[in-house]
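Single-structure report; data block below.
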Amino acid sequence: MKIEDRLVEPISIAPLAIFRVGFGLLLFLEGVGAVATGWVRNAFVEPKFTFSFIPFSPWLQPLPGEGMVYYYVFMGSLGFLVMLGLFYRPAILGYFILWTLAYWMQKTNYNNHYYLLVLLTGIAVFLPANRSFSLDVVRGAVKKQDLVPQWTSWVFVGLLWIVYTYAAIAKIQPDWLQAIPIKIWFASKGDTFLVGPLLVTDWFPYIVAYGGVLFDGLIIPAIWWSKTRKFALVVALFFHLFNSLVFQIGIFPYLMLFMSVFFFDPKQVRQFFFPKDKQLPSQTPAEYYSQQKPYKFWIVPVLAVFFTCMVLLPIRHHLYLGNVNWTEEGHRMSWRMMLRSKSGKASFKALLPNGEEVTHLPQMDLTPKQVAAMSTRPDMVWQYAQYLKKQYLDEGHPEVAIYADVWASLNGRPFQRLIDSEVDLAGERWKYFERHDWILPFQEVPTP
């Protein structure tokens with residue numbers, strides 16, 4: 001059977017419909033939860049300056065005043081519509097656009113699951129997820145559909161396989177295998193409900209470190225294989241609930257559990273969730289294949305391009321020299337999850353044309369969380385230098401030079417200089433595909 005025929009082979013829509021309900025619920029909780037917890041206010045409302053992704057920083061900035069609060073509430077309402085399957089297509093498209101803009105708009109609080117939501121909502125735009133168990137069917141906006149092409153499940157399975165495989169590979173490094181970052185995180189979590197005393201033992205961080213490598217590397221094939229699927233799901237449930245309890249990483253653990261529906265036989269999913277729906281009266285296989293004929297020849301190249309990008313993006317850091325955990329060049333969008341604990345301290349010096357020197361402490365312009373993030377991320381150091389340059393330009397000083405004195409510690413090591421303090425960052429351009437020489441190389445020293 002040709003690959004395009006296999007990709008459009010009919011399967012029950014039940015897994016896709018169930019996923020849509022759970023996914024929409026999580027999208028709703030992500031939107032309104034960000035407001036309720038104060039995250040939106042901390043990330044967008046309170047800061048005087050926001051660190052957007054560099055290609056978009058000149059124009060992509062938060063809405064003024066309380067605008068981002070309403071932005072997230074509206075986005076959450078779109079997630080609720082996705083859950084109900086009501087106005088599904090405009091709702092999921094709107095969520096994808098708004099979420100992607102918000103993702104690009106700030107990186108102080110970068111999280112891998114924010115990037116994953118960009119991908120998942122983008123994929124969901126093209127899926128007929130509202131053709132069953134939805135209010136769109138009830139109101140007659142779309143025709144009920146019982147069959148969908150196989151690729152609508154495989155695209156999620158393939159993406160998860162990439163995510164977890166790269167997460168496992170990234171963990172195979174000395175610091176992680178010595179449980180160094182885990183020990184640092186757990187040291188302050190001794191009062192965590194139920195598991196606190198366990199976290200601060202000498203041996204448990206090693207269980208987490210090696211267990212993390214094994215889990216990330218094996219969980220997807222274990223769920224894929226029917227003989228180990230049930231056991232793997234129990235392990236995944238424990239693993240994700242533990243992460244949710246200890247690290248408070250939002251919806252990500254629950255999202256992974258909802259996506260496990262794509263690993264089961266679609267017929268079994270339909271029988272479990274819709275036991276009274278014994279027949280498929282709304283669509284015959286012949287009708288299904290006639291609908292798929294116009295699309296089956298472009299699905300292969302589209303998926304090939306998508307998955308090629310997904311495979312290449314996480315390894316782009318090899319284009320740069322140096323330790324990616326230190327330089328951060330190629331770190332984002334690469335599934336390098338929770339591999340390092342970093343702290344830093346920074347100050348800046350402005351040199352005016354008349355020879356006057358002015359010291360700038362970032363605490364004067366940034367929130368504490370922004371200061372902590374910027375002090376360990378060279379691209380954010382460069383952005384803050386550009387921000388200072390603009391302030392002086394607006395005051396009539398076009399020839400100002402900005403120098404950064406930045407020191408950072410990686411995984412508990414002694415502080416060392418991160419940025420070349422002799423380089424005028426105001427005069428440096430950002431290079432997207434080249435290494436920046438003003439980022440000093442990491443000097444390997446043992447951890448204390």
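Things worth noting here:
- For the residues Val406, Val400, the requirement of being surrounded by 15 or more Cβ atoms within 10 Å (Cβ to Cβ), more than 30 Å from Ile172 (Cβ to Cβ) and either outside the structural domain of Val118 (by TED's automatic domain parsing) or out of contact with any helix residue (DSSP H, G or I) (no Cβ under 8 Å at 6 or more places or on another chain) (or both) singles out Val400.
- Residue count for region 248-280 satisfying the condition of being part of a loop (DSSP other than H, G, I, E, B) and modelled with pLDDT of 85 or more: 2.
For every residue, the table says whether it meets (1) part of a helix (DSSP H, G or I); (2) over 21 Å from the mean Cα position of the chain (by Cα).
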residue	(1), (2)
Ser188	no, yes
Pro197	yes, yes
Thr201	no, yes
Tyr210	yes, yes
Ala236	yes, no
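- Condition check for Arg417: touching a Leu at 6+ places or on another chain (Cβ under 7 Å), surrounded by fewer than 20 Cβ atoms within 10 Å (Cβ to Cβ) and not hydrophobic (A, V, I, L, M, F, W, C): yes
- Residue in region 202-224 that is more than 23 Å from Leu410 (Cβ to Cβ), among the aromatic types (Phe, Trp, Tyr) and surrounded by fewer than 20 Cβ atoms within 10 Å (Cβ to Cβ) present: yes
- Helices (runs of 4 or more DSSP H) (entirely within region 281-385) containing at least 1 residues that are over 25 Å from the mean Cα position of the chain (by Cα) and among the aromatic types (Phe, Trp, Tyr): 285-292, 296-312
- Test: residue in region 380-397 that is surrounded by 18 or more Cβ atoms within 10 Å (Cβ to Cβ) and small (Gly, Ala, Ser): yes
- Reported count of residues in region 99-142, each being farther than 13 Å from Arg20 by Cβ, under 15 Å from the mean Cα position of the chain (by Cα) and assigned to a helix (DSSP H, G or I), is 16.
- Within region 51-77, tally of residues that are more than 20 Å from the chain's Cα centre (by Cα), assigned to a helix (DSSP H, G or I) and among the small types (Gly, Ala, Ser): 2
The values are calculated or read from the model by the stated rules, or taken from the named source; none is laboratory data. It should be emphasised that the depicted structure is a prediction, and the values quoted were computed from it without experimental measurement. Note that each Cβ is placed from the backbone with ideal geometry, even for glycine, and that neighbours are counted across all protein chains shown.
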